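Accompanying notes for the structure given below.
The values are calculated or read from the model by the stated rules, or taken from the named source; none is laboratory data. Quantities reported herein were computed from a predicted structural model and do not represent experimental measurements.
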Amino acid sequence: MSTSETTDVLACALCGQACRDVDDGRGWFHLEVTREEPVDDLHWWEVDFCSQAHAAEWFARPLPSPVRPDGQQPVRTAGDRWADAGCFAVFTVLVVLLALGTWTAVRFVLALF
């Protein structure tokens, strides 16, 4: 940690106090937190804490909901639903063709005997 980083004014995500004011800024943490529930690739947070104890207390609570940078929640449009339906239809056709091809190959091999 360089001295230029400790002179920046970083506020603790838990108490709001400036990180440099606690223990002369020696114990502050900067964390990037991710989770397995992506919402339009916005499933991470960058948070700063003035101490390890505040970081632990923040982690003990439920994670906040992911929010888009512009503050709006993602909206599924009719086009999104049509695209999903189209992908499902293509997948279904491929599975049916795979089953027919397998059946034909099995019948061909059995006909050789």
If you check V67 against the conditions, is it of a type in the set (V, I, T), part of a loop (DSSP other than H, G, I, E, B) and either modelled with pLDDT of 85 or more or under 18 Å from the mean Cα position of the chain (by Cα) (or both)?
yes
Looking at the stretch 10-45 only, could you name the residues that are among the aliphatic types (A, V, I, L, M) and modelled with pLDDT of 75 or more?
L10, A11, A13, L14, A18, L31, V33
